[in-house]
1. Taking N as the number of residues in the chain, what is its alpha-carbon radius of gyration divided by 2.2 N^0.38 Å?
2. In a Gaussian network model over the chain where Cα atoms closer than 10 Å are linked, find which of MET251, MET296, MET97 has the largest mean-square fluctuation.
3. Calculate, in nm to one decimal, what SER328 and GLN100 gain on full extension: separation in residues at 0.36 nm each, minus their alpha carbon distance.
4. Grab the beta carbon distance between GLU58 and GLU129, set R0 = 22 Å, and tell me the FRET efficiency rounded to 0.05.
5. From the P(r) of the range 282-382, can you give the percent of Cα pairs sitting at distances over 20 Å?
6. Going through the cross-link list LYS113/LYS198; LYS113/LYS244; LYS113/LYS195; LYS195/LYS244; LYS198/LYS225; LYS79/LYS292, which pairs have a Cα-Cα distance over 32 Å in this structure?
7. Which percent of the accessible area of the range 194-267 is formed by carbon and sulfur heavy atoms (probe 1.4 angstrom)?
8. When all C-alpha to C-alpha distances in the range 51-195 are sorted into bins of 5 Å, what percent of pairs does each bin hold, rounded to whole numbers?
Amino acid sequence: SHVKRNVLISVVIVLVLSAIILTFTRSKYKTTESMPLVNGTINYELSDFNLIGAYIQEGDSYTQVDEIPTSGYEFNGEKSYCTVNDENINATLNYDMETQSLSVFPLTTKGTKCYLYFDEASSASDVIEDAYEESQDMLAYDETADNNLRYIGANPNNYVYFNCDDYNNPSSSTCELWRIIGIFNENSHGISGEKLIKIIRSNSLGNIAWDDANTNNWSTASLQKTLNGDYLNGKGTYASTGIKNDTTRNMIANIIWKLGGHPTHEATSTAFYTSERGTTVYSGRPTTWQGKVALMYPSDYGYATTGGTVTNREVCLATDLIAWAAYSDCYNNSWLYSNIDNIWTLTPKSSENDEVFATFTDALFYYQSANYTNYAIYPSLYLSLEVSLTGGDGTQSNPYTLSN
């Protein structure tokens, strides 16, 4: 009938309106909001999580900010905290500066509010300079015109985890052990007004010829191409022993290496230092090369000594490196001396077209033909300015840790 039809239509309309209202209500309470960050957002449901505070260190105090920093600061997990109904809760917070991801555990209570604190990050060079102020028995300025700060002694606390699988969880099983040679000014790397940290691999890559073609031109040498090719990119022969990932590759500074040579093995550390950064080379050789991975210099080996009770550091530095074999205090107290490996350096003999200087297990310092294959390779490089030392104390059991 007409009445029944009207009733049926009314029921249908009520049901449709109810469905629309229910859908709208459910949608409203499931709305996900976002808090903008510098280069991303944290998405969260208001009913579950409410991040309301980020604070950065300014001197001795903290200032609330609208944007979470992406560099120049370190997350302070001890100071950061969460509350529910204005009461602190027992929660563990972790914030990854690289991926801008926050985790809170356990997060089981609705209405949780978290306050994140970030400390000013110390530059890597600042950390080492502070270590010098505290312990001058393992760090010394080389007193060259550039006055670089170097680690010295038989075994200083200069260990650092590098080439890691995961820099957030560095360990002996996820990283390689490298050592810090020191902090170097622009005359060593070409970056004006900056101090860069130079490191060297703690273990050898193996015995390799400096140049298969038997020239002492680093810019074309087979070893240079290997270190900055397959080794740097973790390919071929170095798929397992090369640089593992882009995070590590981005930590390596692309700098200007000085290729100055020296005419003879009879020279002191200071004489080699001057020649390395000079322009005396074999005819046609370049005086500089730009790249990422190279080797230590003869002067690095020499300046790393502390000397000892019989022959002090001053005498060691005034003695030709070739003559160190007669002064055990000099070579035994240089952590770059090895009684296991004969080690190639970067510096060519400028009076010859095929000879390169090397350190020897018997403490002699001499030269050898570039195509000789029985000398060890210890890659050396400079860390980029963005790299920070974030933990550790430099001991072999607790190496420094890095972040980029």
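The values are calculated or read from the model by the stated rules, or taken from the named source; none is laboratory data. Source: prediction; values computed, not measured. Here the Cβ is made from the backbone with ideal geometry for all residues, glycine too, and neighbour counts use every protein chain on show. The protein model used for the area step is the full one, side chains on, heavy atoms only, and it has no ligands, DNA or RNA in it. Shrake-Rupley method; radii C 1.70, N 1.55, O 1.52, S 1.80 Å.
1. 1.38
2. Judging by the Gaussian network model, the answer is MET97.
3. Value of the extension gain: 76.9 nm.
4. On the way: r = 22 Å, r/R0 = 1.00.
Rounded to the nearest 0.05, the efficiency is 0.50.
5. Cα-Cα pairs in the range 282-382 separated by more than 20 Å: 40 percent.
6. Check vs 32 Å cut-off fails for LYS113/LYS198; LYS113/LYS244; LYS113/LYS195; LYS79/LYS292.
7. Ligands and nucleic acids excluded, carbon and sulfur give 42 percent.
8. Per 5 Å bin, starting at zero, the Cα-Cα P(r) for the range 51-195 comes out as 2, 8, 13, 14, 14, 14, 13, 9, 6, 4, 2, 1, 0 percent.
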